[in-house]
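Engineer: I have a structure here, written as structure tokens, and I will follow up with some questions on it.
The values are calculated or read from the model by the stated rules, or taken from the named source; none is laboratory data. Everything numeric in this text was worked out from a predicted model, so none of it was measured. With ideal geometry, Cβ positions are generated from the backbone for all residues, glycine too; neighbour counts draw on all protein chains shown.
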Amino acid sequence: MKKIDVIEFEKEVLPQILEFFDKTLNDDGKIIDKFTGEVLRDPFTNEELNKDNFAGILPGSSLFISKNLASLAEFITEREKNNKE
């Protein structure tokens, strides 16, 4: 069995993807926790996540990351480090 690292989807299905993780979009287009109303933040850059800067969900977790280059670089670095272990 081959491990899948990335799943891509059309922006139109973002609300359905978020719903699966108990998240939603607020009126400003920010991604929020459905129960607390808290805006999600990129774990690497602390940038607020919204429908335009959302890059994806890290594999095997519920960490949401932005399209920010620093965030994506950190993800790749962490993945490479974990692959070596």
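Here's the yes/no breakdown for (1) modelled with pLDDT under 85; (2) in contact with a strand residue (DSSP E or B) (Cβ under 6 Å, 6 or more places away or on another chain); (3) surrounded by 10 or more Cβ atoms within 10 Å (Cβ to Cβ); (4) in a loop (DSSP other than H, G, I, E, B):
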site	(1), (2), (3), (4)
K3	yes, no, no, yes
V6	yes, no, no, yes
L14	no, no, yes, no
L18	no, yes, yes, no
D27	no, no, no, yes
F35	no, no, no, yes
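Engineer: Of the numbered conditions (1) part of a loop (DSSP other than H, G, I, E, B); (2) modelled with pLDDT of 95 or more, N46 fails exactly one; give the number of that condition.
Structural biologist: Here N46 clears every test but (2).
One line per residue, one yes/no per condition, for (1) surrounded by 15 or more Cβ atoms within 10 Å (Cβ to Cβ); (2) at pLDDT below 75:
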site	(1), (2)
N53	yes, no
G60	no, yes
S66	yes, yes
I76	no, yes
E85	no, yes
